[in-house]
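Here is the structure we will look at.
The values are calculated or read from the model by the stated rules, or taken from the named source; none is laboratory data. Treat the numbers as computed from the prediction; the structure is a model and nothing was measured. With ideal geometry, Cβ positions are generated from the backbone for all residues, glycine too; neighbour counts draw on all protein chains shown. Calculation scope for accessible area: heavy atoms of the full protein, side chains included, ligands and nucleic acids excluded. Shrake-Rupley method; radii C 1.70, N 1.55, O 1.52, S 1.80 Å.
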Amino acid sequence: GRRGMRINDPRLVALLGGLALLAGCGASQDDEDGLRPRVLVGSVSVSDFEERIEASGELVARDRAAIASEVAGRVTRITALEGDAVEEGALLLVIDPEKHRLQVATARARLQELKASLEEAEREFARISTLHERGIASASNLDEKRSARERNRSRFDAARAELGVAERALREANVRAPFAGYLARRVVSRGEYVKVGQALFELVSLDPIELEFNVAERDSARVAQGQVVRVRVAPWPDEHFEGVVSVVAPTIDTTTRTLRVKARIKNPDGRLRPGLFARADLGLALRRNVVWVPAAAVQLRAQGEVVWVVAKDDRVRRVHVKTGLHRDDKVEVLSGLSAGDEVVVRGHTGLSDGLQVLRRDADGAPPPAATPSVTAEESGARETL
């Protein structure tokens, strides 16, 4: 058949040398690729996002007061019990009214006595003044009567003040509700002696009740007084309670970067109670040009959140980012990235700035290697060998 090439044929030697060179180059490239970290790369996307503004908070009483005794004495009567609903000004408790009535009577009698003394001193001063004008009474006598009049007037004024204090104590012996609400707690019993400042009741106002919550800094411009809020609580998960924003803090909390808000909710049946955890829904807001990255691309480091960006030459660089919302498998990036950037999603181990990486498929397989093309002459030489 066909005559084969001899081993010392110059054409055969050249061909074998070329094949050896190709093999050497391939091995060198394989060695280099084996040292490059294999990473899965994802893209940064930008889209408009319709966000529902929600926040969590706690129900609080609009008015809450620890009612204390303003007089000392023995509790003689209790007219309200724990859990009772009371109106503003309702009588709750009485502290020894008889003693305070006697004190008022004593103060009033002393005032009358001093009033008479003052009137007498004024008459005597008027008489001596007349005699002094006629040259009958001396100036020292006039000064003495003037001083006596002033002393009596001072005593009368003091007694009048004492009567006012006694009358006030008599009024305060009848402890009344400062506002309408519910008696959350009673801490004294009938017959107990109480001192000034001792706690008697805890009174809370439940209608309306308030929800106190915080919204993120980025949503602070979307909250205003008068805005309607839908509120849900755990005891009634399928029911919404409607409230109105009543307080918007004038400043952002620099620690949490949030805005404190209060909403007032009607609560005529008292079902909503202080201390309940609640969720507030402030409606929808359209946010434009939101930057998203795959959630797995964001790494938490001591210096903060980090993303590795892959350049066109497959070299990576570390970028510090600030994140926002988390939705499904994506994270909002508030700063640090732009549309079209590519980031490392898997394979972060061992990465450093400027390191060249090797992309891999989502299933972890390396990209298919390119098969070098050979000429017909080279193919024939292989067959001959």
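For the reader, a short list of remarks on this structure follows.
- Charge sum, other residues only, whose C-beta stays under 15 Å from residue 109's C-beta, Lys/Arg counted +1 and Asp/Glu -1: +3
- Charged side chains reduced to their Cβ positions (Lys and Arg at +1, Asp and Glu at -1) give the range 101-191 a dipole of some 700 debye around its Cα centre.
- A straight chain from residue 271 to residue 81 at 0.36 nm per residue would run longer than the Cα-Cα distance by 66.5 nm.
- Cβ-based charge dipole, the range 263-367, positive-most Cα from 345, 310, 325: 325
- Solvent-accessible surface of protein heavy atoms, probed at 1.4 angstrom with all chains present, puts 246, 69, 154 in the order 154, 246, 69, largest first.
- Within the full protein context, the accessible area of residue 358 is estimated at about 30 Å² for a probe radius of 1.4 Å.
- In this structure residue 256 has an accessible area near 80 Å², from a 1.4 Å probe over the protein heavy atoms.
- Nearest-20 debye value, the range 143-197 charge dipole, Cβ charges on Lys, Arg, Asp, Glu: 140
- Around residue 301: net Lys/Arg minus Asp/Glu count, Cβ-Cβ under 15 Å: +1
- Cα-projected label distance for residue 322 with residue 257, points at 7 Å along beta-carbon direction, nm: 0.5
- The residue among 251, 188, 213 whose Cα reaches farthest toward the positive pole of the charge dipole of the range 187-260, with charges on the beta-carbon of Lys, Arg, Asp and Glu, is 251.
- Pairs of Cα atoms nearer than 8 Å and 6+ residues apart set the relative contact order; for the range 74-140 it is 22 percent.
- Computed over the range 255-322: relative contact order in percent, which uses C-alpha pairs under 8 Å that are six or more apart: 16
- Taking the Cα centre of the range 164-301 as origin and assigning +1 to Lys and Arg Cβ atoms and -1 to Asp and Glu Cβ atoms, the resulting dipole is close to 240 debye.
- Modelled spin labels at residue 225 and residue 45, positioned 7 Å past Cα toward Cβ, are 4.3 nm from each other.
- For the range 188-310, the spread of Cα coordinates along the three principal axes comes to 81, 35, 30 Å, biggest extent given first.
- In this label model, residue 286 and residue 106 are separated by 7.9 nm, measuring between points 7 Å along each Cα→Cβ vector.
- Here the gap between residue 301 and residue 313, fully extended at 0.36 nm per residue and compared with their Cα-Cα distance, gives a gain of 1.8 nm.
- Förster-model FRET efficiency, 25 Å R0, residue 91 and residue 199, C-beta, rounded to 0.05: 0.90
- Length available on full extension from residue 52 to residue 168: 0.36 nm per residue minus the Cα-Cα distance, which gives 36.2 nm.
- The range 120-159 - percent of accessible surface contributed by carbon and sulfur, probe 1.4 Å: 47
- Calculated FRET efficiency, residue 217 to residue 187, Cβ-Cβ distance, R0 = 41 Å: about 0.45 to the nearest 0.05.
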